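Student: Just dropping this structure here.
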Amino acid sequence: MNRRLGVASGCLAGVSELDSLKYLKNAGFDCFFSGAYNLEQVAKLKEEGDKLGLDFEFIHAKWNYTDAMGGRFFMNEFWKPGLSYLPLFDATIEALDSAAACGIPGICQHITSGWVAPPACDIGFARFDALVEHAIKKGIKLTFENLRNYGLLAALLERYERVPEVGFCYDNGHEFCYTETVPFLDLWGKRTYFTHLHDNYGRDKEDPMKDADYHMLPFDGNFDFADMMKKLDKYGYEGALTLEVWQRDAYADMTPEAFAAHIYGLAQRVANAHH
């Protein structure tokens, strides 16, 4: 199966997101995703992508914020009483609205943060119900991404099992370094709408609680891309293979053209890993 190849639009060092698109298109990419969710920014990216023939595949919704006192808040707030979840909730609604206004198929969202998530509770489910209702109303795919916590992701994907707008965003690197015993594609391969692809060395053997999510370029770590591609084929995934990587470390001095060409070659290697 010939799948489209995509990448994060902000992946080039020292180049604005908007200006990056031409380099990505010239390298051969078919599509991109962005963490921009404000309508003005999203519309500019979509317009530039359309001009170049580069599809805006999905928006990565906001998953953390800093308050006026410097406190940082993450998606676990969705499962706690109080109003600290609201900035993230409002930003996710905004992402759904921007996607709908610009003709972008969907968004992805984290649902928890850190190694330990709060317990499942009605207050959390009610908040996600509201997001799902909004996604249905707008005709936008709302996908949930795998992180460290498996239970709440399973609960939500089961809860919305009969809602075609709700699906799964598969992050191979998160699976490998956080939850390598959970076969996400065997569970939700048929409900996978988007992918985040990158590499690492798996869970840290010395310190299992270390965050080993390094977002390395494919084949710089030791993730088995061939096995992943077999599963994507097995479950009929037809979406793009989308890299979630950035230009840094050993690649920091490459020109934008060279880096874009390099990662496009890696995306092609991923696509052909099982042949």
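The values are calculated or read from the model by the stated rules, or taken from the named source; none is laboratory data. No experiment lies behind these values; they were computed from the predicted model shown. Cβ: placed from backbone, ideal geometry, glycine included. Neighbour counts: every protein chain shown. To get the accessible areas, we keep the full protein, side chains included, count just its heavy atoms, and leave off ligands, DNA and RNA. Shrake-Rupley method; radii C 1.70, N 1.55, O 1.52, S 1.80 Å.
Student: Give me the number: length gained by fully extending N64 to M254, i.e. 0.36 nm times residue separation minus the C-alpha to C-alpha distance, one decimal in nm.
Tutor: Numbers: separation 190, 0.36 × 190 = 68.40 nm, distance 3.05 nm.
Here the answer is 65.3 nm.
Student: In the range 116-275, what percentage of the DSSP-assigned beta bridges are antiparallel, given to the nearest 5? Don't skip to the end; give the middle numbers.
Tutor: Values: 1 of 10 bridges.
Bridges in the range 116-275 that DSSP calls antiparallel: roughly 10 percent.
Student: Tell me the relative contact order for the chain as a rounded percent, counting alpha carbon contacts under 8 Å between residues six or more apart.
Tutor: Over the chain, the number comes to 20 percent.
Student: Counting DSSP beta bridges with both partners in the chain, what percentage is antiparallel, nearest 5?
Tutor: Given both bridge residues lie in the chain, the antiparallel proportion sits at roughly 15 percent.
Student: Rolling a 1.4 angstrom probe over the protein chains, ignoring ligands and nucleic acids, what is the accessible area of L187 in square angstrom, nearest 10?
Tutor: Approximately 80 Å² for this residue.
Student: Further question: Report, as a whole number in µm² per second, the diffusion coefficient that Stokes-Einstein gives for the range 66-109 at 37 °C and 0.692 mPa s using the Kirkwood radius over alpha carbon pairs.
Tutor: 279
Student: Can you tell me the alpha carbon radius of gyration of the range 80-219 divided by the globular rule-of-thumb value 2.2 N^0.38 Å?
Tutor: It is 1.07.
Student: Also: Can you give the Kirkwood hydrodynamic radius of the range 1-82 from its Cα pairs, in Å with one decimal?
Tutor: Roughly 14.4 Å, rounded to one decimal.
Student: Moving on. Suppose we keep just the DSSP beta bridges with both residues in the range 1-143; what percent of those would be antiparallel, to 5?
Tutor: About 20 percent, rounded to the nearest 5.
Student: Quantify, in whole percent, the carbon and sulfur part of the accessible surface of the range 124-163 (1.4 Å probe; protein heavy atoms only).
Tutor: 45
Student: Semi-axes of the equivalent ellipsoid of the range 59-150: what are they in whole Å, largest first, if each equals the square root of 5 times a C-alpha gyration tensor eigenvalue?
Tutor: Details: eigenvalues 94, 43, 31 Å².
Semi-axes (√(5λ), whole Å): 22, 15, 13.
Student: May I pose another question? Using a Debye calculation, one point per C-alpha and no hydration shell, please list log10 I(q)/I(0) for the range 30-74 at q = 0.15, 0.29, 0.31 Å⁻¹ in order.
Tutor: Values returned for q = 0.15, 0.29, 0.31 Å⁻¹ are -0.47, -0.99, -1.07.
Student: Kirkwood hydrodynamic radius (Cα pairs, Å) of the range 170-268? Could you put the intermediate results ahead of the total?
Tutor: Values: mean 1/r = 0.0698 Å⁻¹.
It is 14.3 Å.
Student: Can you send over the carbon and sulfur percentage of the accessible area for the range 16-62, probe radius 1.4 Å, protein chains only?
Tutor: 44
Student: How much area per residue is accessible in the chain when the probe is 1.4 Å and only protein heavy atoms are counted (Å²)? If you can, show how the numbers build up before the last one.
Tutor: Working: 12060 Å² over 275 residues.
Result: 44 Å² of accessible area for each residue.
Student: At a 1.4 Å probe, what is the % contribution of carbon and sulfur to the accessible area of the range 230-269?
Tutor: Working: 1020 of 2020 Å².
Carbon-and-sulfur percentage of accessible area, whole number: 50.
Student: Which of the three applies to the range 215-275, rounded, prolate or oblate, going by the alpha-carbon gyration tensor with a ≥ b ≥ c and a/c under 1.5 meaning rounded?
Tutor: Taking the square roots of the gyration eigenvalues as a ≥ b ≥ c, the range 215-275 is prolate.
Student: About the Cα centre of the chain, how large is the charge dipole given +1 on each Lys and Arg Cβ and -1 on each Asp and Glu Cβ? Please answer in debye to the nearest 20. Kindly include the intermediate steps, with their values, before the conclusion.
Tutor: Numbers: 27 positive and 40 negative charges, 104 e Å.
Computed about the Cα centre, the dipole is about 500 debye.
Student: Hey, in the chain, which Cys have no second cysteine's beta-carbon closer than 4.7 Å?
Tutor: Those would be C11, C31, C102, C121, C177, since no other cysteine Cβ in the chain comes under 4.7 Å of theirs.
Student: Okay, moving on. So what does R248 come to for accessible area, using a 1.4 Å probe and Å² rounded to 10?
Tutor: About 80 Å², rounded to the nearest 10.
Student: Take the alpha carbon atoms of the range 175-219, find their center, do the same for the range 137-173, and report the distance between the two centers in whole angstrom.
Tutor: Each part's Cα centre sits 16 Å from the other's.
Student: Mind grabbing the accessible area of F73 for me, 1.4 Å probe, Å², rounded to tens?
Tutor: 50
Student: Shifting gears a bit: Quick one: Kirkwood hydrodynamic radius for the range 100-151, alpha-carbon pairs, angstrom, one decimal?
Tutor: Roughly 12.4 Å, rounded to one decimal.
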